[in-house]
Amino acid sequence: MNSLETEKSDGAARGIGKYQKISPLSDGSKDDLAVNQVSVPQARGWKKLMAYVGPGFLVAIAYMDPGNFESDLQAGAQFKYELLWVLLLATVSGALIQSLAANLGVVTEKHLAQHCRLEYPPKVNLVLWFLAEIAIVASDIPEVIGTAYALNMLFGLQLWIGVVLTGLSTLLFLALQQYGIRKLEIFISILVFTIASCFFVEMFNARPSPVELMKGLFIPRLSGNGAAGIAISLFGAMVMPHNLFLHSALVLTRSTPPTMEGIRDGCRYNLIECCFALLVSFAINLAVVAVSGAVCSDSQLSVADADRCSNLDLNRASFLLKHVLGSWSGVLFGIALLASGQSSTITGTFAGQYVMQGFLELRFEQWIRNLLTRCVAIVPSLVVALLGGSSGAGQLIIISSMILSFELPFALIPLLKFTSNPGKMGPHVNHRKVTILTWVIGSSIILVNLFYLASNFIKWLQRSRLRRLHIALLGIAGFLALLAYALLAAYLALRKDNEGTYRLSSSVEEEQDGFVDKESVVAN
């Protein structure tokens, strides 16, 4: 072994020092993602960009799922276009955070769940896995219920039947995996543009004022009672924990050349593709707010329809649009909701596969993992649909959004830590300005979600009819839960990362690019 190899081995053992070269399949964790990888041309240009198109659209689905639509509908119904600036800010912030998840996968050829398994002690890793699974179930509940609502609107099916059909249809569509990831990406893209077409037609017929839309986008306002709460739900719903695991894994389906230039290009093209996909999702969310705002602010609105606007949700929106814009409008809304819910459940199941595989290294046949992930998400929705009907399902969507708010730091903090670590990212580590900006954005999202969670918990306690003793006990339990939550978040934020995972193609390229050892990067 020569001196350079000795230095690398010693540095790897310490978790510091020289960069280490890591085989992308050294732990057998990339097997599924390596199957039918999309080849990437060497030459830059449109062909290379198109090779990277796909993961961003699967990720963007979470930005236009039924849970987001419900927040959009309420924002438009209650405050017209005043909160569009929140939507714009949330989308830009989301694009930046998602780009970090993509970079982590491209640079290290390991996704976020795998990094967590390598970095944290077994007990902490188990807690993070459990929290990630809960987050995936919570994110899947609005999608399942949204799809069931859509089937009820279009075909008159009972809610519980729609829930069962959603689970079965998702498994069928996931069978497209065996024909390669490209086929599934094309299918999801078709669903995305179906959603966009439906809502753009709705917006054209609702005829919102362009001037008022521009004011709402670029003039920040929080006027009126409850505006802050709706703004928090809009902002908090944009960055979801399961999406960070998903995006860092999906980029591994591209055969990014293992060179310095290839990795740089991979990060660059994934950023372009992600921004375009999220731009489409932003346009769709804007259309939902615009339609809701235009319809509910109509001076000709009947008393019954005005009452629907005061408490608008996914189930009521179809009937409202039918009365105001015509029966065809309710059908379009149902089609868009069906496409949104179905595509979201597919990507949610994908995320569940990568989380289980990354954290636990469990090896199952693909169809078994799909079935396990689907059953875990379907059961709560089915129970609530059978026992609580439409009103219970609507409450479950609210509860699931609160759970997601609670879960976010346990995916976001590790992502920010890992992408700011030279030992993991090498010369592709976040620039200092990007690090500061992303920590500010991440901290803001976490604090916003904490406020949303705590305020909703307090409101629930105030409205409950429980005895004072029970309320006090619940309050103490809630305080202890928040304390444990804060301690775990602080541990993740302050703990020093040890595992170096940056991979180099050869020592020749290290010298050509001027990156021979890690100390030089840290010093800069």
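The values are calculated or read from the model by the stated rules, or taken from the named source; none is laboratory data. Since we're looking at a predicted model, the values are computed, not measured. Heads up, the Cβs are rebuilt from the backbone with ideal geometry, glycines too, and the neighbour counts pull from every protein chain shown. The accessibility values were calculated without ligands, DNA or RNA, using every heavy atom of the protein model including side chains. Shrake-Rupley method; radii C 1.70, N 1.55, O 1.52, S 1.80 Å.
Quick check: the distance between the Cα centres of the stretch 315-336 and the stretch 175-217, to the nearest angstrom? The two parts, judged by their Cα centres, are 17 Å apart. Take the Cα of Phe204, step 7 Å toward its Cβ, do the same at Leu126, and the gap between the two points is 5.7 nm.
Taking 0.36 nm per residue of sequence separation and removing the Cα-Cα distance, the Thr259/Ile436 pair yields an extension gain of 60.9 nm. Binning the C-alpha pair distances of the stretch 150-259 at 10 Å intervals from 0 yields a P(r) profile of 9, 20, 34, 25, 10, 1 %, listed from the shortest bin outward. For the stretch 242-292, chymotrypsin sites (Phe, Trp or Tyr not before Pro) meeting the loop criterion (DSSP other than H, G, I, E, B) and having at most 15 other Cβ atoms within 10 Å: none.
Across the stretch 174-297, the mean sequence separation of Cα contacts (distance under 8 Å, 6 or more residues apart), normalised by length, yields a relative contact order of 50 percent. The modelled label-to-label distance between Arg182 and Ile272, using points 7 Å beyond Cα along the C-beta direction, is 1.9 nm. Taking R0 as 41 Å, what's the FRET efficiency between Val331 and Ala472 from their Cβ-Cβ distance, rounded to 0.05? Rounded to the nearest 0.05, the efficiency is 0.20. To the nearest 10, the accessible area of Arg221 is 90 Å² with a 1.4 Å probe.
Rounded to whole numbers, the Karplus 3J(HN,Hα) couplings from phi for the stretch 209-215 are 6, x, 5, 5, 5, 5, 4 Hz, using 6.51 cos²θ - 1.76 cosθ + 1.60 with θ = phi - 60°, and x at Gly and Pro.
Summarising the label geometry, the points placed 7 Å from Cα in the beta-carbon direction at Trp46 and Phe218 lie 3.1 nm from one another. Dividing the mean sequence gap of close Cα pairs (under 8 Å, 6+ apart) by how many residues the stretch 254-372 holds gives a relative contact order of 10 percent. A 1.4 Å probe over all protein chains sorts Arg468, Arg495, Arg463 by accessible area into Arg468, Arg463, Arg495, starting with the largest. I'd like the FRET efficiency for Trp460 and Ile190, computed as 1/(1 + (r/R0)^6) with the beta carbon distance as r and R0 of 56 Å, rounded to 0.05. So, using R0 = 56 Å, E works out to roughly 0.90. The figure for Thr194 is an accessible area of roughly 50 square angstrom, using a 1.4 Å probe on the protein chains alone.
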